[in-house]
Amino acid sequence: MSQSPELIIEPESLEKILGDENLLIIDVCQASTYEQIHVPGAVHVNPAELVSGIPPASGKLPDITQLERVFSRIGYNPDKHIVAYDDEGGGWAGRLIWTLDIIGHRHYSYLNGGIHAWYKEDHPVESEPVVAIPSEVSLTLDMSARAELVQVLASLEDDHCKIWDARTYEEYVGTKQSSARAGHIPGAVNLDWLETMDRSRNLRLLPLPRLKEMLTTIGITEGDTIITHCQTHHRSGLTYLIAKALGFSVRAYDGSWSEWGNLPDTPVETGES
């Protein structure tokens, strides 16, 4: 099925199609949030279910058995239009959308602003958990959306491949350390994922033209291929989504800095790139 024409869906548009039998809403909020409020009909996926959890690179893609178990539990059907949202501005929802690309599902949308925009703008909510009828799921993985270590290393010689580091400035320059080594991948450009959100509009994304302008400022322009990462490919779930929305060819490095920064021989830069 072709990708949804509405990659970023607004709350008022989603409310109009609630109850559609072809719709599968996936809540990737913290469990405590889901238990209090969620979009009517939304099934819950714990963010931890979307990662392998194996240190040091705990954010790597889970094995296919884990993915099939998760998608079976929520009643996944390849013909469904999936709408993903979370409670933090899009990181985990973007991670889910990246996972959908990995399993070959292209018909999806991100609820702009997630549960914050939905609730604060008085759209209907419920608190009773939704228990889906499990489905039989047999997945085939498409790794074209994933960048592995060897591919990231090879990209360092490609002028048209830009590495978007979605971590904080302090992590990027190396003054904040969360792995054995601090700093960034040589040549990577930094735009903190939080800077892409509009706090005045309930954590919606900034307008796409503004986001494109911000990327141009840091050296990512039309025609570039993007590899995006953070510490565990959580924050970069959002930057992956943004790159897709802007029409870039994008892959996510799910090993992220937790892999790169814990290896003894990967090249590392500190300070401004």
**Item:** Qualifying positions in the stretch 83-131 - within 12 Å of the chain's Cα centre (by Cα) and in a loop (DSSP other than H, G, I, E, B)
**Value:** D86, E88, G89, G90
**Prompt:** Looking at (1) surrounded by 14 or more Cβ atoms within 10 Å (Cβ to Cβ); (2) in a helix (DSSP H, G or I); (3) among the basic types (K, R), which is the one condition that is false for K60?
**Reply:** (2)
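Hey, could you check the stretch 145-162 for residues that are touching a residue at least 24 places away in the same chain (Cβ under 8 Å) and in a loop (DSSP other than H, G, I, E, B) and say which is surrounded by the fewest Cβ atoms within 10 Å (Cβ to Cβ)? Steps first, answer last, please.
Of all residues in the stretch 145-162, those touching a residue at least 24 places away in the same chain (Cβ under 8 Å) come to 145-149, 151-153, 155-156, 158, 160-162.
Narrowing further to those that are in a loop (DSSP other than H, G, I, E, B): 147-148, 156, 158, 160.
Values: A147: 27, E148: 16, L156: 13, D158: 12, H160: 10.
Among those that are touching a residue at least 24 places away in the same chain (Cβ under 8 Å) and in a loop (DSSP other than H, G, I, E, B), it is H160.
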**Request:** Scan the stretch 236-254 for residues that are small (G, A, S) and either over 17 Å from S52 (Cα atoms) or surrounded by fewer than 24 Cβ atoms within 10 Å (Cβ to Cβ) (or both) and report the count.
**Result:** 4
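Bear in mind these aren't lab numbers, they're just calculated from the coordinates by the rules spelled out. The structure presented is a predicted model; accordingly, all values stated were derived computationally and were not measured. Reconstructed Cβ throughout: ideal geometry from the backbone, glycine too, with neighbour counts over all protein chains shown.
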